[in-house]
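S.K.: Have a look at this one before I ask anything.
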Amino acid sequence: MRATGGRPLNPDPWDDNSTETKQCLVDAMTASVLTADTPIPTPRREWGAALRALRRLLHDKEDTRQVFEIMQALSGDSMGENYRKLCSTPRGGRIAYERVEFARRLMDDAWLDSLPEGSVGAAYRTFIRSQDLSAEGLADVSREMGSHIDIPHPVAWMARRTRDVHDLWHILTGYGRDGLGEACLVAFSYPQTRSLGWALIAMGAVSRTRGGRYPYARAIWQGYQRGKATQWLLGEDYEALLAEPLDAARRRLGITPPTIYDSIPPEARDIVPAV
């Protein structure tokens, strides 16, 4: 079986006649088609809007709304491409077929409390509770944009999935929520998602580090390099991943330590804008 352009979808051990595989392939082929029920506009990059939002973000590092402005302006068809890529992975057919709304899972305190100590999920649990964060809080900010993120469409679902794992990527990468940690994580996120919004935010952060005492720009560049070297995280089964021991999960995924970020004192990490 082949995808658009004649490229093999992956000579994997799926049963090509399974319901999950058939549905995933149908969705992949129609993910960019507009219908009256799913009015996703033709992807178009709005650089002017993105640059204006970046200036506002650099002025107020806590204005998360500007991050979503930038991502919406520059996403193009990156979510459609990522959805089709998901469908080409061994587990992707099942994941796409089930379309779990992961924010709801992450808001299930009983489920989070059931995850074993030392696991990815236990580290996430400690992280969000210590920082007074929630997956639904981030989702609420994204909805303020009046975008199409909540419509019943496979590309919109992929965008929600990408949004909802942001704080999990903090855990996996070892980057904190300080300004530098967020800048490093957005640089990491660009090669993982191919969404130009992440690249623009990372470059904006670098522009604020010139003349600094510490190697901020090198830390951000290392974030990009780590993102390129890591396995594709959007293809992960996150419910299974959260139960894995954190160190083992990092080894399996090829996530190396953030050595340059770690070398910078915590009190000196808020020099660049936080996301």
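Throughout, read-outs are computed from the coordinates displayed, never taken from laboratory work. Since we're looking at a predicted model, the values are computed, not measured. Positions of Cβ are backbone-derived with ideal geometry, glycine not excepted, and every protein chain shown enters the neighbour counts.
S.K.: How large is ³J(HN,Hα), in whole Hz, for each residue of region 243-249 in order, when computed from phi with the Karplus curve 6.51 cos²θ - 1.76 cosθ + 1.60 and θ = phi - 60°, using x for Gly and Pro?
M.R.: Residue by residue, region 243-249 yields 8, 6, x, 4, 5, 5, 5 Hz.
S.K.: Then there's this: Please compute the Kirkwood hydrodynamic radius over region 149-275, one decimal place, Å, based on all pairs of different Cα atoms.
M.R.: On the way: mean 1/r = 0.0667 Å⁻¹.
Hydrodynamic radius (Kirkwood, Cα only) of region 149-275 equals 15.0 Å.
S.K.: Order the peptides 243-251, 162-170 from the highest to the lowest mean number of other Cβ atoms within 10 Å of their residues. Working shown, then result.
M.R.: Numbers: 243-251: 15.7, 162-170: 20.4.
Per-residue mean Cβ counts within 10 Å order the peptides as 162-170, 243-251.
S.K.: I need the peptides 47-53, 126-132 ranked by packing, meaning the mean over residues of other C-beta atoms within 10 angstrom, with the highest value on top.
M.R.: Values: 47-53: 15.9, 126-132: 12.6.
Descending packing order for the listed peptides: 47-53, 126-132.
S.K.: Let me ask another. If amide hydrogens are placed 1.01 Å from N in the peptide plane, which non-local residues have theirs closer than 5 Å to the one on Ser119?
M.R.: Leu246
S.K.: Using Cα-only point scatterers and the Debye equation, what is log10 of I(q)/I(0) for region 94-230 at each q in 0.14, 0.18, 0.19, 0.20 Å⁻¹, rounded to two decimals?
M.R.: -0.74, -1.14, -1.23, -1.31
S.K.: Among residues other than Arg56 whose Cβ falls under 9 Å from its Cβ, what is the net charge (Lys/Arg +1, Asp/Glu -1)?
M.R.: On the way: positive: Arg52, Arg55, Arg65; negative: Asp60, Asp63, Glu69.
Its environment carries a net charge of 0.
S.K.: Which net charge results when you count Lys and Arg as +1 and Asp and Glu as -1 among the other residues whose beta-carbon is under 12 Å from that of Thr230?
M.R.: Numbers: positive: Arg226, Lys228, Arg250, Arg251, Arg252; negative: Glu236.
Summing Lys/Arg as +1 and Asp/Glu as -1 gives +4.
S.K.: Simple spin-label model, 7 Å along Cα-to-Cβ: Thr256 to Val100 in nm?
M.R.: Here the modelled spin labels are 3.1 nm apart.
S.K.: Among 220-231, 256-267, how do they line up by average Cβ neighbours within 10 Å per residue, starting with the highest?
M.R.: Descending packing order for the listed peptides: 220-231, 256-267.
S.K.: Ranked by Cβ crowding within 10 angstrom, fewest neighbours first, how are Tyr175, Tyr214 ordered? Don't jump to the answer; show the numbers that get you there.
M.R.: Values: Tyr175 25, Tyr214 17.
The fewest-first ordering by Cβ neighbours comes to Tyr214, Tyr175.
S.K.: Which one, Trp169, Ser78, Ala268, is farthest towards the positive end of the dipole of region 57-268 when Lys and Arg carry +1 and Asp and Glu -1 on their Cβ?
M.R.: Going by the charge dipole, the pick is Ser78.
S.K.: Now, a different point. Which whole-Hz couplings ³J(HN,Hα) result when phi for each residue of region 77-93 is put into the Karplus expression 6.51 cos²θ - 1.76 cosθ + 1.60, θ = phi - 60°, listed in order with x for Gly and Pro?
M.R.: Result, ordered by residue: 9, 4, 5, x, 5, 5, 5, 5, 5, 4, 5, 8, 9, x, 9, x, x Hz.
S.K.: In region 102-200, which GluC sites (Glu not before Pro) fall in coil by DSSP and have 16 or fewer other Cβ atoms within 10 Å? Please list the in-between numbers first.
M.R.: Values: sites: Glu117, Glu136, Glu144, Glu182; in loops: Glu117, Glu144.
Filter output for region 102-200: Glu117, Glu144.
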